[in-house]
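The values are calculated or read from the model by the stated rules, or taken from the named source; none is laboratory data. Just so we're clear, the structure is a prediction, and the values are computed from it rather than from any experiment. Methodologically, a virtual Cβ is constructed for each residue, glycine included, from the backbone with ideal geometry; neighbour enumeration extends over all protein chains shown.
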Amino acid sequence: MKKVAYPIDKRQWCPSLIPGPVVLISTCDSEKNPNIAPKSWVQMVSFEPPILMFSGAKGNTTEVNIMATGCFGVNLVDSSMASRVYRCTEHFGQERIEKSGLRLVEASRIDAPLVDDCRAHLECRLHSTGQVGSGFVVFGEIIAASIWQEILAARGVGRYELLDQIVFVENGMFASINKITRI
């Protein structure tokens, strides 16, 4: 097959060359008002200590809340939630939470809520931030994690099928990553 030039602007990619796992970042502001925001630029960056990163925008509510409180939740989205999460971007603040129908619960180790509808969660303490091009990168140390007990009770690839994570490929399109191939 012949290869041809392709745009370097990710917004023009169809198909996407770098799909991203879909999560909801949950935070509270300094007055304890909750917020959730869908993100798909998420990645582990360190095993010891366990640190992940996500990219957003410096002035957005999520990033402002994290800077004020020093913590955030990472809620892993499954395929049944894709349309609700995608529509989250149509609303802001408390209205976003109400219109999405997502239920928030208290976290075990951070002062930010978790999205009860999600099958797994990571609780993070702010490690550091950085500006990279147009992106504002937040690094968080994972200090607690939780997952549905049923997922852990499954065997092998069945765990991934039950976790049923999705990736964002382009506007309005998601892909499930629950089909696992063993090598």
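The set of residues from the stretch 135-183 being polar (S, T, N, Q) and either touching a residue at least 60 places away in the same chain (Cβ under 8 Å) or closer than 23 Å to Phe47 by Cα (or both) comprises Ser146, Gln165, Ser176, Asn178.
Results for (1) loosely packed, with under 15 Cβ neighbours inside 10 Å; (2) part of a loop (DSSP other than H, G, I, E, B); (3) not aromatic (Phe, Trp, Tyr), shown as yes or no for each residue.
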{"position": "Asn75", "(1), (2), (3)": "no, no, yes"}
{"position": "Met81", "(1), (2), (3)": "no, no, yes"}
{"position": "Arg84", "(1), (2), (3)": "no, no, yes"}
{"position": "Thr89", "(1), (2), (3)": "yes, no, yes"}
{"position": "Glu95", "(1), (2), (3)": "yes, no, yes"}
{"position": "Glu98", "(1), (2), (3)": "yes, no, yes"}
{"position": "Ser108", "(1), (2), (3)": "yes, yes, yes"}
{"position": "Cys118", "(1), (2), (3)": "no, yes, yes"}
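The set of residues in the stretch 38-95 being of a type in the set (Val, Ile, Thr), farther than 13 Å from Ile142 by Cα and touching a residue at least 60 places away in the same chain (Cβ under 8 Å) consists of Ile66, Val77, Val85.
Are any of the residues in the stretch 34-43 over 20 Å from Glu106 (Cα atoms) and either among the hydrophobic types (A, V, I, L, M, F, W, C) or in contact with a helix residue (DSSP H, G or I) (Cβ under 7 Å, 6 or more places away or on another chain) (or both)? Yes: one or more hits.
In the stretch 41-73, the residue that is nearest to Asp117 (Cα to Cα) out of those that are in a loop (DSSP other than H, G, I, E, B) and not charged (D, E, K, R) is Trp41.
Considering the stretch 135-183, the qualifying strands (runs of 3 or more DSSP E), each wholly inside and each with 1 or more residues that are at pLDDT below 95 and either within 15 Å of the chain's Cα centre (by Cα) or buried (at least 16 other Cβ atoms within 10 Å of the Cβ) (or both), run over 166-170, 173-176.
Only one entry in Val64, Val74 is modelled with pLDDT of 95 or more, more than 14 Å from Asn33 (Cα to Cα) and out of contact with any Lys or Arg (no Cβ under 7 Å at 6 or more places or on another chain), namely Val74.
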